[in-house]
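A.B. asks: Submitted below is the structure of interest, expressed as structure tokens.
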Amino acid sequence: MILNGDVLRCARVHRVGPVLLGVTGVAVLSAVLGGVRFPVPSLESGAGTVGVPFRRELPLLSAVFLTALWSGPMSAHEQGGSDTFHRTRARLLALATLASAAVSLLTEALAVGWPMGLVFVRSFAIWWGLAMLSMGLLGSRLAWVLPLGSAFPLVWFTGGALDWTAAGAGDAGFWGLAAASLVLGAASLARTPWRSHALKHRLP
């Protein structure tokens, strides 16, 4: 079973309640103020500014909130945990990811319709994958680096061919990017010191 006593204990230790409350707050903020446009500099507008709706960038905040499940005062020691511990934490992350996606989708769908809800979830998935990759490469304290770094080109070239926040809900290419981002991010977190040590001892 995905949800068992070990997962629940891990959830309490890693403050899953406050984290999901933060994600829910972001979803509500998007529902209430997501249509408000904030001016940002854009290379697409001849060195001028362009108005970008808040909801396009808010999924990044949701993704960064989730990284708190991988951080904490014991995070360095947890990296040396056993396979059983890491499987439990992986289940917790999977459940938290699904819960975050569901809350965001339903809130956006009620506020502005299912298509915008799907776009929000797709952006969340891309940035969450990048956040996991950032954690795997740079550590939990720098989980924001890759998501934030990816946001700057989207703002500078808003609405461009690579702007997944502006593409329609049916854009298969960006859904593929979301899947690839999640797989790459999850793989980077799976590469723990415990597994690396075990792999070295299996090799001839």
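A.B. asks: For residues that are touching a residue at least 12 places away in the same chain (Cβ under 8 Å) and under 18 Å from LEU61 (Cβ atoms), tally how many sit in region 113-153.
C.D. replies: We begin by selecting, within region 113-153, every residue touching a residue at least 12 places away in the same chain (Cβ under 8 Å); these are 114-137, 140-141, 143-144, 146-148, 150-151.
After this cut, where a residue has to be under 18 Å from LEU61 (Cβ atoms) as well, the list is 116-117, 119-135, 140-141, 143-144, 146-148, 150-151.
Matching residues across region 113-153 total 28.
A.B. asks: Under 9 Å by Cβ, and 6 or more places apart or on different chains, what pairs join a residue from region 3-30 that is free of Cβ contacts under 8 Å to residues at least 40 places away in the same chain and farther than 14 Å from LEU95 by Cβ with one that is in a helix (DSSP H, G or I) and of a type in the set (Lys, Arg)?
C.D. replies: Filtered contacts from region 3-30: LEU29/ARG55.
A.B. asks: Name the residues in region 1-24 that are in contact with a helix residue (DSSP H, G or I) (Cβ under 7 Å, 6 or more places away or on another chain), open to solvent by 50 Å² or more (accessible area, probe 1.4 Å) and at pLDDT below 75, would you?
C.D. replies: ILE2, LEU3, ASP6
A.B. asks: Spot the failing condition for GLY139; the list is (1) modelled with pLDDT under 90; (2) under 14 Å from PHE54 (Cα atoms), and only one is missed.
C.D. replies: Evaluating GLY139 over (1) modelled with pLDDT under 90; (2) under 14 Å from PHE54 (Cα atoms) leaves (2) as the failure.
A.B. asks: Can you tell me which residue is modelled with the lowest pLDDT among those in region 169-204 that are in a loop (DSSP other than H, G, I, E, B) and open to solvent by 40 Å² or more (accessible area, probe 1.4 Å)?
C.D. replies: Step one: list which residues in region 169-204 are in a loop (DSSP other than H, G, I, E, B), which gives 169-171, 191-192, 203-204.
From what is left, the residues that are open to solvent by 40 Å² or more (accessible area, probe 1.4 Å) are 170-171, 191, 203-204.
Numbers: GLY170: 93, ASP171: 94, ARG191: 73, LEU203: 46, PRO204: 51.
The residue in question is LEU203.
A.B. asks: Give the residues of region 112-134 that are over 18 Å from VAL32 (Cα atoms) and open to solvent by 10 Å² or more (accessible area, probe 1.4 Å), sorted by residue number.
C.D. replies: Listed by number, the residues that qualify are ALA125, LEU130, MET132, LEU133.
A.B. asks: Further, regarding this structure: Tell me, please, whether a residue that is open to solvent by less than 50 Å² (accessible area, probe 1.4 Å), aliphatic (A, V, I, L, M) and at pLDDT below 95 can be found in region 156-168. Please lay out each step first, then the result.
C.D. replies: The first filter runs over region 156-168 and keeps only residues open to solvent by less than 50 Å² (accessible area, probe 1.4 Å), leaving 158, 160, 163-168.
Those still in the list that are aliphatic (A, V, I, L, M) too: 166-167.
Keeping just the survivors that are at pLDDT below 95 gives 166-167.
Looking for residues that are open to solvent by less than 50 Å² (accessible area, probe 1.4 Å), aliphatic (A, V, I, L, M) and at pLDDT below 95, one finds at least one in region 156-168, hence yes.
A.B. asks: I'd like to verify a number: residues in region 25-41 that are of a type outside the set (Val, Ile, Thr) and surrounded by 15 or more Cβ atoms within 10 Å (Cβ to Cβ), how many? Explain how you work it out, then say what you get.
C.D. replies: Our first condition is that a residue be of a type outside the set (Val, Ile, Thr); within region 25-41, this holds for 25, 27, 29-31, 33-35, 37-39, 41.
So of that shortlist, the ones also surrounded by 15 or more Cβ atoms within 10 Å (Cβ to Cβ) come out as 27, 29-31, 34.
Of the residues in that region, 5 qualify.
A.B. asks: Do you know which of the residues in region 49-63 that are modelled with pLDDT of 90 or more and of a type in the set (A, V, I, L, M, F, W, C) is surrounded by the fewest Cβ atoms within 10 Å (Cβ to Cβ)?
C.D. replies: Only one residue fits best here, namely LEU61.
The values are calculated or read from the model by the stated rules, or taken from the named source; none is laboratory data. Bear in mind the structure is a predicted one, so any value in this text is a computation, not a measurement. Cβ atoms come from the backbone with ideal geometry, glycine included; neighbour counts cover every protein chain shown. What goes into the accessible areas is simple: the full protein's heavy atoms, side chains included, and nothing from ligands, DNA or RNA. Shrake-Rupley method; radii C 1.70, N 1.55, O 1.52, S 1.80 Å.
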